[in-house]
1. Kindly evaluate residue 281 against the criterion of being at pLDDT 85 or above and part of a helix (DSSP H, G or I).
2. For a quick check of your reading: which helices (runs of 4 or more DSSP H) sit entirely within the range 134-224 and have at least 2 residues that are over 25 Å from residue 262 (Cα atoms)?
3. Please determine whether any residue of the range 175-195 is touching a helix residue (DSSP H, G or I) at 6+ places or on another chain (Cβ under 9 Å), buried (at least 18 other Cβ atoms within 10 Å of the Cβ), in contact (Cβ under 8 Å) with a residue 60 or more places away in the chain and under 20 Å from residue 277 (Cα atoms).
4. Does residue 265 satisfy being surrounded by 14 or more Cβ atoms within 10 Å (Cβ to Cβ), within 24 Å of residue 118 (Cβ to Cβ) and out of contact with any helix residue (DSSP H, G or I) (no Cβ under 9 Å at 6 or more places or on another chain)?
5. Out of all the residues in the range 240-258, which are touching a strand residue (DSSP E or B) at 6+ places or on another chain (Cβ under 7 Å) and outside any loop (DSSP other than H, G, I, E, B)?
C-alpha cells in the first residue's frame, strides 16, 4: 500500500502511473526500477524520467505514509477491491483516491445546483433527497453552499448515505462553515478527493472535482443553475460519460432556472414530480447494465499486457508499439488481435490503435 501511495504522489499523469503499474506488475517494483528498466518501458521521456528519479530519491516513503495514517486518512487505488469500479471505464480515471469515512456500497445519484439557491430550490432539493434516500440511493455532491450542502444535510438527517467529493484535500473542510456537515458525513458516509492531503481548494481544482461527482453517480440531478455554472460543467461530464441527466424546470424569467431550462432544451429529462423521477430512475436501472472491468484483473498473457500497457487514449502506430515492447511483428499482431477481441483496444486508423478502458 505504501508504494502505491508513493506512486500516486508522483507528479505523473493518472494514465502514466497506471501504465507503469501494469508494465512492472506492482508499485513496489516501480519504486525499485532501475533507470535502464524505466528506459526499456518507453513510458517516460528523458525529462520526465530524470524528474521521476529525482523525486523518488527525495521522497521519504515511510515517514510520508506514516503521516497519512496518523491523520486517519484512507487511501485506495485502482487495483483494490474497494476502489469505485464505476470509474474504471472513464478517461483519466484517478490512479488513487483519498477518503475519510467508508466508501460507497450502493448506487449514487448526483445532486448539484446553485450556491445561492432560491427557497423553491431548497425545498425541491430536500424533497428529492429525502425520496432518493428512502428508495435506497446514496447521494454524491460537492458539499458546496446551496443545493449541494442542502441535499447532503438532508441525506444525513434522513439516516442515508452521502459522499462529498472535495476540490481540496480530504483534511481541508471547504467551505469552512460546513465543518459540522463535514464531520457528520465522515461519521455516516464518506469525504473523498483525488487531491493530496493538505491541498487547498483552488479554483482550478473544481472541474476535476465535478468530473468525479458525475463519474461516481449513475445519474445526475440538477436542481437550479445559472447559464454558466459548475453544475453545468458536471452535467457536461455526465454527458461525456453516458449518464442520464435530470433537471428541475423553472420559470423562464428566473435566473436560477436558465441553466436547467437550457439542459432540458438540449435533451435532459425534466423532473415533473419526485415520484416520476424515482420511476424513471428505476426504469433506467433495468434498461442499463454496465459491465465495469478492471484491465489489471484480466488474465492477460505477458505479451498482451506489454502491448496493452503501452497504449493510451490517443492513437499509437504499430511500429511504435513494437519499439516500446521489443516484440516481433507476428507476436505484436497476435496480441493486438486478442486485445481487440477482448474489447480492450481498437484500431482507429490503419495500424493505429487506442485503448478503450
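The values are calculated or read from the model by the stated rules, or taken from the named source; none is laboratory data. The shown structure was predicted, so the numbers you read here are calculated from the model rather than taken from an experiment. In this analysis, Cβ positions are derived from the backbone assuming ideal geometry, glycine residues included, and neighbour counts consider all displayed protein chains.
1. It is true that residue 281 is at pLDDT 85 or above and part of a helix (DSSP H, G or I).
2. Result: 147-157, 179-188.
3. Within the range 175-195 (the criterion being touching a helix residue (DSSP H, G or I) at 6+ places or on another chain (Cβ under 9 Å), buried (at least 18 other Cβ atoms within 10 Å of the Cβ), in contact (Cβ under 8 Å) with a residue 60 or more places away in the chain and under 20 Å from residue 277 (Cα atoms)), the answer is no, since none of the residues qualifies.
4. Details: surrounded by 14 or more Cβ atoms within 10 Å (Cβ to Cβ): no; within 24 Å of residue 118 (Cβ to Cβ): yes; out of contact with any helix residue (DSSP H, G or I) (no Cβ under 9 Å at 6 or more places or on another chain): yes.
So residue 265 fails the test.
5. Result: 244, 245, 246, 247.
This table checks each residue for (1) within 27 Å of the chain's Cα centre (by Cα); (2) surrounded by 14 or more Cβ atoms within 10 Å (Cβ to Cβ).
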residue: 31; (1), (2): yes, yes
residue: 38; (1), (2): no, yes
residue: 72; (1), (2): yes, no
residue: 83; (1), (2): yes, yes
